[in-house]
1. On the given criteria, is His72 within 14 Å of the chain's Cα centre (by Cα) and not β-branched (Val, Ile, Thr)?
2. If you take the residues of the range 222-233 that are over 20 Å from Lys38 (Cβ atoms) and either polar (S, T, N, Q) or open to solvent by less than 20 Å² (accessible area, probe 1.4 Å) (or both), which of them is farthest from the ligand (Cβ to nearest atom)?
3. So Arg54 ticks every box in (1) within 25 Å of Asp170 (Cα to Cα); (2) modelled with pLDDT of 95 or more; (3) not in a helix (DSSP H, G or I) but one. Which box is left unticked?
4. What tally of residues in the range 189-221 results from selecting those that are open to solvent by less than 30 Å² (accessible area, probe 1.4 Å), away from the ligand (no atom under 16 Å from the Cβ) and assigned to a helix (DSSP H, G or I)?
5. Working only within the range 26-36, note down all residues that are in contact with a helix residue (DSSP H, G or I) (Cβ under 6 Å, 6 or more places away or on another chain), open to solvent by less than 20 Å² (accessible area, probe 1.4 Å) and in a loop (DSSP other than H, G, I, E, B).
6. Taking the stated definitions as given, is Gly174 touching a residue at least 60 places away in the same chain (Cβ under 8 Å) and more than 21 Å from Ser48 (Cβ to Cβ)?
7. If we keep just the residues of the range 41-79 that are more than 10 Å from the ligand (Cβ to nearest atom) and charged (D, E, K, R), which is farthest from His254 (Cα to Cα)?
8. Being assigned to a strand (DSSP E or B) and either open to solvent by 20 Å² or more (accessible area, probe 1.4 Å) or aliphatic (A, V, I, L, M) (or both), is that true of even one residue in the range 12-25?
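The values are calculated or read from the model by the stated rules, or taken from the named source; none is laboratory data. None of these values were measured; they are calculated from a predicted model. Because the Cβ atoms are built from the backbone with ideal geometry, glycine has one as well, and the counts that use them run over all protein chains shown. Surface areas here come from the heavy atoms of the whole protein model, side chains and all, with no ligands, DNA or RNA. Shrake-Rupley method; radii C 1.70, N 1.55, O 1.52, S 1.80 Å.
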Amino acid sequence: MRQWKGAWLPHRRVPGVLSFQRRFTPRPDDVLLASPPKCGTTWLKALSFATMARAAYPPGDGDHPLLRLNPHDCVPLVDSLFSAGQEAKLDALPSPRLMNTHVHHSLLPPSVAHDPGCKIVYVCREPKDMVVSLWHFYKSSKTTEGSTYTLSDLFENACQGKHSNGPIWDHILGYWQESQATPRRVLFLRYEEMLRDPVDSIREVARFLEVLFTVTEEAAGLPEDIMKLCSIETLRGARADKMGANKVFVKFPHTSFFRKGVAGDWVNHMTPEMAQRFDAIVEEKLHGPGLSFKS
Ligand code: PAP
């Protein structure tokens, strides 16, 4: 791991993030989905893609791309494309481009962070659930390193903010503050609220992206169709390449992106002491700005 401007990054990701910062050419109608890892990115990618591309791909269509591709193959992770020297793929995307990043707001290219045109949809999650989800994800990796990583190793690192794109509290704060300052440019979502009312979240994303559902679409049940298409059960069963989402995630099988998909699974993995310790750190970091994950 390397620390850069306060953020922890896997060392192999640093060149990609640097290139993203320096060489990314924005378009005024770009849409960037941002998130810490394991906080609902795959779901948000599916929902946003299905919503934005609904004219070309009706969500009830039996041959919808999301039924044959992993959502990560439909919406590229920008910094990874730069890491892999594949940024030309971004130029080839039709406008409005839908892209994703895991980097902190402070690491975004200035053109993206402050461009009045580019919209950012951010999703985060209860931090303990993020840690547990990340641990399961590492365990599903095909590498020996991944399969021997213990929850207590990851937990100790997470308490110091030293995990991929950590600290999670700074990640959350950066986008939250931006969403407060410029709510028309940054939409701040929570995974738990999306789980509580997925259709409402779909409408919220559509409203924010200025692709509102028409009266006819509402009457035809399009938001509900998108919810069903993007449910964890449907996406898990998609005919996507079972060996992995795309070249960047090739070590991870398709199903490793769709585990439980619930809130509060930390309780099955962390002791009350671990939970208390982590909560205290997170609450202290987020308390001032008025954000909380306490239930
Ligand atoms: P990524 O960083 O690798 O893209 P991300 O998609 O952000 O991962 O988060 C994965 C979590 O979202 C998993 O949570 P879990 O480990 O606690 O189960 C995964 O199950 C959950 N998830 C993926 N797709 C969906 C979905 N369609 N609906 C609800 N949750 C989902």
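1. Numbers: within 14 Å of the chain's Cα centre (by Cα): yes; not β-branched (Val, Ile, Thr): yes.
Yes; evaluated as a whole, the condition is true for this residue.
2. Looking only at the range 222-233, we keep the residues that are over 20 Å from Lys38 (Cβ atoms), and these are 222-229.
Among the residues that remain, those that are also either polar (S, T, N, Q) or open to solvent by less than 20 Å² (accessible area, probe 1.4 Å) (or both) are: 223, 226, 229.
Values: Pro223: 15, Ile226: 11, Leu229: 10 Å.
Ranking the qualifying residues of the range 222-233, first place goes to Pro223.
3. (1)
4. Residues that pass the stated criteria total 2.
5. Correct list: Ser35, Pro36.
6. So Gly174 fails the test.
7. Among them, the one singled out is Arg54.
8. Within the range 12-25, the subset assigned to a strand (DSSP E or B) is none.
Looking for residues that are assigned to a strand (DSSP E or B) and either open to solvent by 20 Å² or more (accessible area, probe 1.4 Å) or aliphatic (A, V, I, L, M) (or both), one finds none in the range 12-25, hence no.
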